[in-house]
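To keep things clear, I will list the structure first and then write my remarks on it.
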Amino acid sequence: MPIETLGPVLIANRGEIARRIIRTVKQMGLRAIAVHSEADAGLPFVREADEAVLLGPADPAQSYLDAGKVLEAARATGARSIHPGYGFLAENSAFAQAVVDAGLVWIGPAPEAIARMGDKINARNLMEDAGVPVAAGTREPVTDLELAVKAAYEIGFPVMVKTAGGGGGIGMSVAHDETGLVKAYEQASRAAARFAGAATGEGPAGPAILLERFIERARHVEVQILGLPDGRVVALGERDCSVQRRHQKVVEESPSPGITPELRESMLAAAVRAGETVGYLGAGTVECLVDTDRQDFVFLEMNTRLQVEHPVTELVTGLDLVELQLRVAAGESPDVRPVTGGHAIEFRVYAEDPKRFFPGPGKITAWREPIGEGVRVDSGYAEGDMVTPFYDPLMAKLCVHAATRAEALGRARRAVAEFVVEGPKNNLPFCAELLDHPEFGSGDYDTGLVGRMRS
C-alpha cells in the first residue's frame, strides 16, 4: 500500500518516544496524532503533534493503558494506523489484535508474534528448538516454591529467578542458595501477579516463574533486527546494554566493546534465526547474555517493539528505524544494507537520585541541552515542565557518535558536562562518574559494574 495510506498516524505513547516518532511521521508527510493524560497536557509532544486527544487522568490505567480510549481516539480523529512506541500497550498482543480488528494498521509485528515471544518460557523453548543457544533453565512455568527448589538444584546455584511475562527487570533477582531462593521466588511471584493483572485488566493471577542458570560475569548484548514483508530478516548490528541498575539499563553503546568479531557474527546469525522462527515483521530486538569468561552467549528474550536505546543503532548505521517501521507496515521491503560506522553511546537521563537511583520528580527550572557535532538529544521535557511521579522518570536520552570509542567517550564527557537540568534530581552526576570509571573507560565491564561502583 502507498505510505500515504498510513496517515494520520496515532502515537499511543508519551514523552520522548512520542516526540521522536512524531518527528519522523511528519518528515514523511503524514499527520501525527498524540494522545495524552491530564498530567502530560503541557509537554512538548502534545504541542508538536498535528492533533492531540485527552485520554483521561494521570493514572496510566485510566489513560495510556486504556485500550478502549486509545481506539476511540483513533476513530474520532480518523487515524488509519497506530504506533505504540515502547512500554504501555506496545507488547500487548490483545491490543495489537484489537487495532487490526478495527481496520487500522498496527505499526509493529503480528499480534501472534507478540504473544509467542511475550512469554519468556515459551520464547526460550522456541529458540532452543530452533537451535539458538539458551541457558540451562525451566521449560515449564514454575508455579510453587517446592518446584522452584527442585529446579534450582537441578540447574545449580546461583540461579536467576524472574517472571515469565513483563520486562524492564521487574521481579528479577539472583538466588545463591535455598534461603535466597525463597525470597527471590516470593518477590517474583508478586511481580508476576501484578503483571498478569496489568496485561489483562483483571486482578492478580497465579505466578508464572522462570528459573535460569545465572552467569556470574555477564554482558547484556542485544541485536537489532528488522523483519521484511518479503520474508527476509536483517540484523542491524548489536548494542551493549551492560550498564544497569536494578536490572534496568542506564547506558548503551554500539558496537559492543566486549565481544570478538567471531562472537558478534554468531550472535547476529542467531538473531536472524530467531526472527525467522516466528516470521517476524518490523523492528525487534533479540537480547542475549554473554559469558565473559567463556566467550559464548545465550538467548535472554525478544522485545517485539522499538527499544529505548534504538538511537545508537541509528547513529552507527545512518538508518531511521521509525521510518523503516512505517515502510514495513505499508508493505514495503526496503533494500536495507547494514553498514556500520563509528561508535555511539546513549545515556538515559533520569529524574532520579544519582546515588541510590530513587525517582526524584519536580518542576524543571532550567533545561539546556548540549549541542555540537556528533551529539543527539531525544528529550521529552523542556524548561518549565513538571516531571510527575506517575510515569517512568526518563527525561531524555543523550547520545554521542564519533569515529572511535575513545573519541565518543571524549565527546560524551563534554556533552554530559554541558547538559543543564535544574529542579528535579537527575542522574547526570552518575553519568559523569561512569565516564571516569576505569572499567567503563576500558570497555572491559559487565552487568555488575554499577553495583561495584555503589558498594
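The values are calculated or read from the model by the stated rules, or taken from the named source; none is laboratory data. What you see is a predicted model; the values in this text were computed from it and never measured. Cβ: placed from backbone, ideal geometry, glycine included. Neighbour counts: every protein chain shown. For accessibility, only protein heavy atoms count, side chains too; no ligands or nucleic acids. Shrake-Rupley method; radii C 1.70, N 1.55, O 1.52, S 1.80 Å.
Suppose the filter is crowded, with 17+ Cβ neighbours inside 10 Å, assigned to a loop (DSSP other than H, G, I, E, B) and over 22 Å from the mean Cα position of the chain (by Cα); does K355 pass it?
For K355, the condition - crowded, with 17+ Cβ neighbours inside 10 Å, assigned to a loop (DSSP other than H, G, I, E, B) and over 22 Å from the mean Cα position of the chain (by Cα) - is not met.
Given the conditions (1) free of Cβ contacts under 8 Å to residues at least 40 places away in the same chain; (2) buried (at least 21 other Cβ atoms within 10 Å of the Cβ), and given that D436 satisfies all but one, which numbered condition is not satisfied?
For D436, the failing item is (2).
Among all residue pairs at least 6 apart or on different chains, which show Cβ distances below 6 Å where the first residue, located in the range 206-218, is farther than 21 Å from T143 by Cβ and the second is at pLDDT below 90?
Listed pairs, sorted by first residue: R217/D293.
Within the range 172-191, which residues are open to solvent by less than 10 Å² (accessible area, probe 1.4 Å) and either at pLDDT below 85 or small (G, A, S) (or both)?
A175, A184, A188, A191
Give the number of residues within the range 370-387 that are surrounded by 17 or more Cβ atoms within 10 Å (Cβ to Cβ), under 18 Å from A18 (Cβ atoms) and either touching a helix residue (DSSP H, G or I) at 6+ places or on another chain (Cβ under 8 Å) or acidic (D, E) (or both).
Selection size over the range 370-387: 6.
For the range 258-304, name all the residues that are surrounded by fewer than 22 Cβ atoms within 10 Å (Cβ to Cβ) and of a type in the set (V, I, T).
Once the filter is applied, which keeps residues that are surrounded by fewer than 22 Cβ atoms within 10 Å (Cβ to Cβ) and of a type in the set (V, I, T), the range 258-304 yields I259, T260, V272, T277, T292.
Among the residues of the range 30-49, is any open to solvent by less than 60 Å² (accessible area, probe 1.4 Å), over 16 Å from D378 (Cα atoms) and of a type in the set (D, E)?
Yes; the residues of the range 30-49 include at least one that is open to solvent by less than 60 Å² (accessible area, probe 1.4 Å), over 16 Å from D378 (Cα atoms) and of a type in the set (D, E).
I need every pair where a residue in the range 129-158 that is free of Cβ contacts under 8 Å to residues at least 12 places away in the same chain and open to solvent by 60 Å² or more (accessible area, probe 1.4 Å) has its Cβ under 7 Å from the Cβ of a residue that is hydrophobic (A, V, I, L, M, F, W, C) and in a loop (DSSP other than H, G, I, E, B), sequence separation at least 6 or different chains.
none
So which of G341, G410 ends up being at pLDDT below 95, outside any strand (DSSP E or B) and of a type in the set (G, A, S)?
Testing whether each residue is at pLDDT below 95, outside any strand (DSSP E or B) and of a type in the set (G, A, S) leaves just G341.
Residue-by-condition table, conditions (1) open to solvent by 60 Å² or more (accessible area, probe 1.4 Å); (2) under 21 Å from L228 (Cα atoms); (3) modelled with pLDDT of 95 or more:
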site	(1), (2), (3)
D59	yes, no, yes
G68	no, no, yes
G118	no, yes, no
T163	no, no, no
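Out of everything in the range 307-324 that is within 17 Å of V286 (Cβ to Cβ) and part of a helix (DSSP H, G or I), what residue ends up being nearest to the chain's Cα centre (by Cα)?
H310
With T317, T292 as the choices, which residue is among the polar types (S, T, N, Q) and in contact with a Pro (Cβ under 9 Å, 6 or more places away or on another chain)?
T317
Could you check, for the range 4-11, whether at least one of its residues is surrounded by fewer than 24 Cβ atoms within 10 Å (Cβ to Cβ) and without any contact (Cβ under 8 Å) to a residue 12 or more places away in the chain?
Looking for residues that are surrounded by fewer than 24 Cβ atoms within 10 Å (Cβ to Cβ) and without any contact (Cβ under 8 Å) to a residue 12 or more places away in the chain, one finds none in the range 4-11, hence no.
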